[in-house]
1. What's the ranking of 341-350, 477-486 by average number of surrounding C-beta atoms within 10 Å, highest first?
2. How many Å² of accessible area per residue for the chain, probe 1.4 Å?
3. I want to check a number: in the range 477-610, how many lysine pairs have alpha carbons closer than 23 Å, given a sequence separation of 8 or more or different chains?
4. Rank by packing, highest mean first: peptides 302-312, 465-475, with packing defined as the count of other Cβ atoms within 10 Å averaged across residues.
5. Which order do the peptides 23-33, 688-698, 113-123, 750-760 take when ranked by the mean count of other beta-carbon atoms within 10 Å per residue, highest first?
6. Where does the chain land at 222 nm, in deg cm²/dmol rounded to the nearest 500, when only DSSP H runs of n ≥ 4 count, each adding -39500 (n - 2.57), divided by all residues?
7. Bins of 10 Å, beginning at zero and ending with the bin holding the largest distance: percent of Cα pairs per bin for the range 501-550, please.
8. Could you work out how far the C-alpha centroid of the range 296-321 sits from that of the range 516-569, in angstrom?
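The values are calculated or read from the model by the stated rules, or taken from the named source; none is laboratory data. Everything quoted here is computed from the prediction, not taken from an experiment. No Cβ is skipped: glycine too gets one built from the backbone with ideal geometry, and neighbour counts run over all protein chains shown. These area figures cover heavy atoms from the full protein model, side chains too; ligands, DNA and RNA do not enter into them. Shrake-Rupley method; radii C 1.70, N 1.55, O 1.52, S 1.80 Å.
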Amino acid sequence: NELIFTKLIGLKSEVCSDWPGNECIKANALSCGECIQVGAKCGWCTDTFLKQGEPTSARCDELESLRKRGCDKIENPHGSQRILKNKAVTNRKKGAEKLRPEDITQIQPQKLSLNLRSGEPQNIKLKFKRAEDYPIDLYYLMDLSYSMKDDLENVKNLGTSLMKEMSKITSDFRIGFGSFVEKTVMPYISTTPAKLLNPCTGDQNCTSPFSYKNVLKLTSNGEQFNSLVGKQQISGNLDSPEGGFDAIMQVAVCGEHIGWRNVTRLMVFSTDAGFHFAGDGKLGGIVLPNDGKCHLENNVYTMSHYYDYPSIAHLVQKLSENNIQTIFAVTEEFQPVYKELKNLIPKSAVGTLSANSSNVINLIVDAYNSLSSEVILENSKLPEGVTITYQSRCKNGVVNEGENGRKCSNISIGDEVSFNINITAQGCSKQVKPESIKIKPLGFTEEVEILLNFICECECHKHGIKNSDMCHNGNGTFECGACRCNKGRVGRQCECRKDEVSTEDLDKNCRKDNGTDICSNNGECVCGTCECKKRDNPEERYSGKFCECDNFNCDRSNNKLCGGHGRCECRVCICDANYTGSACDCSLDASTCLASNKQICNGRGICECGTCRCTDPKFQGPTCEICPTCPGVCTEHKSCVQCRAFGTGEKKDTCERDCSYFNLIKVKDRDKLPQPVQAFPLMHCKERDANDCWFYYTYAVNNTEKEVHVVEALECPAGPDIIPIVAGVVTGIVLIGLALLLIWKLLMIIHDRREFAKFEKEKMNAKWDTGENPIYKSAVTTVINPKYEGK
């Protein structure tokens, strides 16, 4: 009733965009039964613990939240399970005492009952073990169209041969035989009278066309199989695809005619052609869908002309319902088609049939071993709101989950595997009687039945007091600590009728100080009483007579409500001991201000809210003991800066141990070093290492963090450049030599000129004799040729 009223007046839950939400609160559950259906995390408080203004639905919350709010009595029912039938799996060897098929057990347990709580999974464990010498029924379904003529000759002796081979696997083996051709209408066969009698050409003697015949019911007599199959004749049809799907459907649903037992059921489908399926019947004017029922008269399918071929999905359903495993024995040409079909039909196999079916026995044995070595669980249709998941624990410790969790492969006879199955319900089923689901391994007749009972009400519901005086003169049932109102009544104590909940007189009682806001805009007025809105965060609540209070709008410190040192009540912080302030962020404990000399703030500051405020600007740090600008700071930290920045210095071997007390930040050049600011004093340092190289850094204390900025490159004095020096010396020597030569030459020129001038002067003063030298004789002699005539 209260929920109906809530919808009438349009109450909406306030949503916090930054909170993931609480499904228990969002549900607005008005009773314990509604609450426990929301999810497994939800509980219902039966204590009288609601504060003024909180609605009845505030009793439904997450378990931890209810405990924090002070609730001691919480209804939180849990699901349970009970095993009703638990017959152990059969352990016996071949040749032991023969058991009836119904006495052989391969899956355990066989029947359970579950009590499901919404959102709480129930885990059950199933055990499966392949029984040795398990009975087998095999039905051989053969295509008898003309192209299978040579195959029929080899199949005629199949009975005794197959019985002999299968006796190695089981001592209880039965075999049957059926054949098919095609629908007996055009265009699948020729309907001329002659062709109806003998559809084959030439002098071939063929039997009349037919859709499906059950030639031999399942029997343990191999000789009878050989005899009846030996009498079969080939028939014929017009198109290549055959009507095998009609035959498979009849074999699956006509259990009495075929003689199926509740044992391993195998059907061998032998053909050298493709298949018709649903919709192909329209070619022959057949439009009625296949009804999936048995239509055998005198072991012949009589409705092939009336019903269309079945669909693949229809076949899958019927084969699964009747636990039939199919072996497709087909020629190489049609392998791809039937392999695709195998992927659609669970528990089926495909084998390659030789051209004349000579390998059919080996094919059947191999396919059976392949099918029986795999177990796949399937379940019946689940009730609404119920989900199921599987986990398999297979041979050699292999664990599979998801869809692969339904199956185990490579299981040999005597191997035991297990399955963990989780069944979960969401909500409560509307069915009065318990619902059931069945789980069975595909291809096996055994199954596990699970009865599902849904927990829809709490235990306290049984002790409810109808027409209780606690619910306003008997206008409701008092159960689980709250009133469940009778029809037409609303309110926490069912004190109002629906038709009077919104009257103006009642609304006056919900206005604080005769204001205009009803319930401070944080709630709704119900029967003259404010019911405050709920928030998605279960820790946040409105309260108060007029919903004027809350516990989440107090002052914050360090992004925590009341600094994490108090609780918020009606928008005011109630601080814990030793804390004060509007946000409880001021500690009264002075122990955090004690310096190493046991003085408060080193005698250079004042302790305020557990933190030192340094009065001497030179000192800083949590206890005013750090002086980054005092003399000796650079020398004190020189070795550590050297080892961390350059890997050198006195402490390079103990650097990691002794020098990790500051954060090191490298900069490219001196211009990038930080400059002093008033808030954080900073010291510029210039130090020289053992190689006479200078390095520059700053030391500062930023709050409690010590920071060192250092120039990443050392500044070292440059060494002498030999080549220029040598070149200079050589050049100097050469130039000096040239200068000396020039001076010498100049002096010689001056000397020569002086000597020449002196010579000239002496020459001018000398008096020389101008006569000829008496001893001078000319060097020239003139001789005249006597023969010369002067010509």
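1. Details: 341-350: 18.8, 477-486: 22.4.
Ranking the peptides 341-350, 477-486 by packing returns 477-486, 341-350.
2. On the way: 43030 Å² over 791 residues.
That works out to 54 Å² per residue.
3. Pairs that pass both the separation and distance tests number 14.
4. Working: 302-312: 19.2, 465-475: 15.8.
In decreasing order of mean packing, 302-312, 465-475 become 302-312, 465-475.
5. In descending order of packing, they fall as 23-33, 113-123, 688-698, 750-760.
6. Working: 17 runs with 167 residues, N = 791.
Helices in the chain give a 222 nm mean residue ellipticity of -6000 deg cm²/dmol.
7. Taking every Cα pair in the range 501-550, the percentages come to 31, 51, 16, 2.
8. Each part's Cα centre sits 69 Å from the other's.
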